1. Considering only residues that are under 26 Å from Glu156 (Cα atoms) and among the basic types (Lys, Arg), which ones fall in the range 75-130?
2. Let me confirm something: among Asp123, Asp111, which residue is within 21 Å of Asp168 (Cα to Cα) and acidic (Asp, Glu)?
3. What residue, of Ala162, Ala118, Ala157, Ala113, is free of Cβ contacts under 8 Å to residues at least 40 places away in the same chain and under 23 Å from Pro34 (Cα atoms)?
4. Out of Ala53, Ala71, Ala35, Ala65, which single residue is assigned to a loop (DSSP other than H, G, I, E, B) and on the phi < 0 side of the Ramachandran plot?
5. How many residues does the range 133-145 contain that are in contact (Cβ under 8 Å) with a residue 24 or more places away in the chain and surrounded by 14 or more Cβ atoms within 10 Å (Cβ to Cβ)?
6. Within the range 89-124, take every residue that is assigned to a helix (DSSP H, G or I) and among the small types (Gly, Ala, Ser) and give me the one that is surrounded by the most Cβ atoms within 10 Å (Cβ to Cβ).
7. Looking at the range 83-109, I want the residues that are without any contact (Cβ under 8 Å) to a residue 60 or more places away in the chain and have a partner that is surrounded by fewer than 18 Cβ atoms within 10 Å (Cβ to Cβ) and among the charged types (D, E, K, R) with Cβ atoms under 6 Å, at least 6 apart or on another chain. Which pairs are those?
8. Given the condition surrounded by fewer than 18 Cβ atoms within 10 Å (Cβ to Cβ), small (Gly, Ala, Ser) and either in contact with a helix residue (DSSP H, G or I) (Cβ under 7 Å, 6 or more places away or on another chain) or free of Cβ contacts under 8 Å to residues at least 12 places away in the same chain (or both), answer yes or no: does some residue in the range 31-50 qualify?
Amino acid sequence: MALLESVKIPLGFPLPTFELKDFSGKLFCSAALPAERGLLVIFSCNHCPYAQAVWPRLLRLARYAAGMRVATVAINPNIHPEYPEDSPAKMEELSHTLEMSFPYLVDDKQDVARLFKAQCTPDIYLFNGKKELVYHGRIDDNWKDEDAVTREELKEAMNNMAAGLSVDKKQNPSMGCSIKWCLKA
């Protein structure tokens with residue numbers, strides 16, 4: 001697995017407009033996703049060990065965010081023949097197994113990942129109620145061992161955003177497996 005960090009994106013970056021379907025074919029539009037206070041966007045997949053390690057934390061954070069009127073969506077850009085465990089059928093299995101409370105969308109053309117400048121799984125974006133990027137970074141300071149976490153950076157950003165406080169501009173990149181880019185014709 002090729003380890004990669006997310007790229008720096010300027011805060012204030014507007015939420016890109018997109019339409020994607022989930023694993024069952026239900027269409028979701030970015031304009032209808034944000035809740036009153038914002039939207040948490042997670043580029044992730046099934047096979048990446050970094051993504052697998054943090055899925056439980058992301059599920060808890062999504063429930064926590066919902067309590068603050070922040071919606072969550074996960075997007076899988078790794079629909080690639082060499083990674084069958086990332087297929088829509090396997091996404092559906094994972095969604096049911098983890099009891100996801102948010103949409104898990106299929107970015108089979110990888111156009112949405114490109115709009116976001118996503119690089120890795122997981123790659124995490126937090127947008128405020130005005131659909132402006134306020135956080136693009138890691139979940140916490142120890143992806144590998146949740147018991148060793150000393151700082152929950154994403155949760156801190158959500159708390160500050162929901163309280164109307166400024167979000168720390170010093171943000172550490174997320175890291176994970178590289179997105180499995182397909183060649184564009």
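The values are calculated or read from the model by the stated rules, or taken from the named source; none is laboratory data. What you see is a predicted model; the values in this text were computed from it and never measured. Neighbour counts run over all protein chains shown; Cβ positions are idealised from the backbone, glycine included.
1. Listed by number, the residues that qualify are Lys117, Lys130.
2. On the way: Asp111 fails: within 21 Å of Asp168 (Cα to Cα).
Testing whether each residue is within 21 Å of Asp168 (Cα to Cα) and acidic (Asp, Glu) leaves just Asp123.
3. Values: Ala162 fails: free of Cβ contacts under 8 Å to residues at least 40 places away in the same chain; Ala118 fails: free of Cβ contacts under 8 Å to residues at least 40 places away in the same chain; Ala113 fails: free of Cβ contacts under 8 Å to residues at least 40 places away in the same chain.
Among Ala162, Ala118, Ala157, Ala113, only Ala157 is free of Cβ contacts under 8 Å to residues at least 40 places away in the same chain and under 23 Å from Pro34 (Cα atoms).
4. Details: Ala53 fails: assigned to a loop (DSSP other than H, G, I, E, B); Ala71 fails: assigned to a loop (DSSP other than H, G, I, E, B); Ala65 fails: assigned to a loop (DSSP other than H, G, I, E, B).
Matching residue, one of Ala53, Ala71, Ala35, Ala65: Ala35.
5. Step one: of the range 133-145, the residues in contact (Cβ under 8 Å) with a residue 24 or more places away in the chain are 133-141, 143-144.
Retained after the next criterion (residues that are surrounded by 14 or more Cβ atoms within 10 Å (Cβ to Cβ)): 133-140, 143.
Total satisfying the criteria: 9.
6. Residues of the range 89-124 that are assigned to a helix (DSSP H, G or I), as a first pass: 89-98, 111-116.
Okay, now just the ones that are also among the small types (Gly, Ala, Ser), so 89, 95, 113.
Details: Ala89: 9, Ser95: 19, Ala113: 21.
By that ranking, first place goes to Ala113.
7. Correct list of pairs: empty, since none qualify.
8. Checked the range 31-50: at least one residue is surrounded by fewer than 18 Cβ atoms within 10 Å (Cβ to Cβ), small (Gly, Ala, Ser) and either in contact with a helix residue (DSSP H, G or I) (Cβ under 7 Å, 6 or more places away or on another chain) or free of Cβ contacts under 8 Å to residues at least 12 places away in the same chain (or both).
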